[in-house]
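Please read the structure below before turning to the comments.
None of the figures in this text is laboratory data; all of them are computed from the coordinates on show. Quick caveat, the model's predicted, so the values are computed rather than measured. All Cβ positions, even for glycine, are placed from backbone atoms using ideal geometry, and neighbour counts span all protein chains on display.
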Amino acid sequence: MIKLLSSTPLDFIAFHAKGAPLFVDKIVRMNMGTQLRQIARGFEIVASNQKYKNLPIIIGESDPEGCAACGMANYPQNGYRNGTMYSSYTASSLAKIYDIAFYYKVNLLGVVSWSFEFENQPWFHGFRDLATNGVDKPVLNVFRMFGMMGNTRVETKSSEGFTWKNIIDSGVRGTKPDINTIASKTKNEATVLLWNYHDDDKFSADAVVELEVNGIPAGKVLISQYRIDKEHSNSYEVWRKMGSPQAPTPEQYTVLEKAGQLQMTGSTEKAKVKKGKLSFNIMLPRQGVALFVIKW
């Protein structure tokens, strides 16, 4: 749905954009193309109007689907909201929204998840919320990652990535996932956000990713990696391993609360830069999201 909200005088433009998850042979299949198509059309409308094209745009409801209060009891497909399907979708879609804004040369001010707080509800019930009973879900850690990035975006290229036009045309289907990245820089730091996303909610072999960062004005750097996957920043998987308790003990709650925070893998490492270039390989699981903070 595209809904342009106007007033006199008009201070900003807002609209809503949602996709849809479906069951495909008992596998949840997302359709990011639906959401991106609505956003692209909204940006196109704004850009075509000389009076409005420079106004700030706020996407007031930007989500994979429509019903925030539809839990798993009646809508089993919404179980994707609990785990890494939601976090990897969010990483990929947010980056592509920036790409669409750049393409249409519009003034994108903000993108809002239409998420809520649901009190006194079952744990991990599949509502569109960023936390359940006070324990943060994996998707919230994606927003934390974006919040750690700088204000100046830098160019990125991926041999295994999908463009927003690819996804609008045919989605992320078949055997190839969207392994892609968005990056930023400050005076003494670069941040690289990397994801491994597919529209089908099923796991596959880890991807071997060769990451190359150019233009570093130093001979040595410190690298910190933050991760969202089955083993990191994932309270849902920890809760499932506990036996999915609906009344966690105080000790279990403490463990879940810690598991819901954004986690760094290992410790900060030193690395050498050769002629301004830093290269290293990582393994990134399907539905995994990684943030690299590189300081010099």
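A few notes on this one:
- For the pair L222 and L55, the difference between a 0.36 nm per residue extended length and the Cα-Cα distance amounts to 56.2 nm.
- Of the peptides 225-232, 94-101, 145-152, the order by per-residue mean of other Cβ atoms within 10 Å, starting with the highest, comes out as 225-232, 94-101, 145-152.
- q = 0.15, 0.27 Å⁻¹, region 38-114: log10 I(q)/I(0) [Debye, one scatterer per Cα]: -0.60, -1.27
- Between the amide H of A207 and those of L284, R286, distances stay under 5 Å, these residues lying 5 or more places away or on another chain, with hydrogens modeled in the peptide plane.
- Separation of the T249 and M283 label points, Cα + 7 Å toward Cβ, nm: 3.3
- Rh by Kirkwood over Cα pairs, then Stokes-Einstein D for region 154-296 at 1.567 mPa s and 4 °C, µm²/s: 76
- 222 nm mean residue ellipticity, helices alone, for the chain (DSSP H n ≥ 4; -39,500 (n - 2.57); rounded to 500): -7500 deg cm²/dmol
- Only beta bridges with both residues in the chain are counted; by DSSP, about 80 percent of them are antiparallel.
- Pairs spanning more than 31 Å between alpha-carbon atoms, out of K185/K258; K230/K295; K220/K241: K220/K241.
- Cα Rg, Dmax (largest Cα-Cα span) when computed across region 12-167, Å: 16.3, 50
- Distance distribution note for the chain: the fraction of Cα pairs above 27 angstrom is 44%.
- Cα-centred dipole magnitude for the chain, charges only on beta-carbon of K, R (+1) and D, E (-1), debye, nearest 20: 980
- Simple label model, 7 Å out from Cα along Cβ direction - S48 to M264, nm: 4.9
- For M149, net neighbour charge (Lys/Arg +1, Asp/Glu -1) across residues whose Cβ lies under 14 Å away: +3
- Each peptide in 170-179, 77-86, 33-42, 265-274 receives the mean, over its residues, of other Cβ atoms within 10 Å, and ordering these scores from highest gives 77-86, 33-42, 170-179, 265-274.
- A dipole drawn for the chain from +1 and -1 charges on Cβ atoms has a positive end, and of Q261, N78, A218 the residue lying farthest that way is A218.
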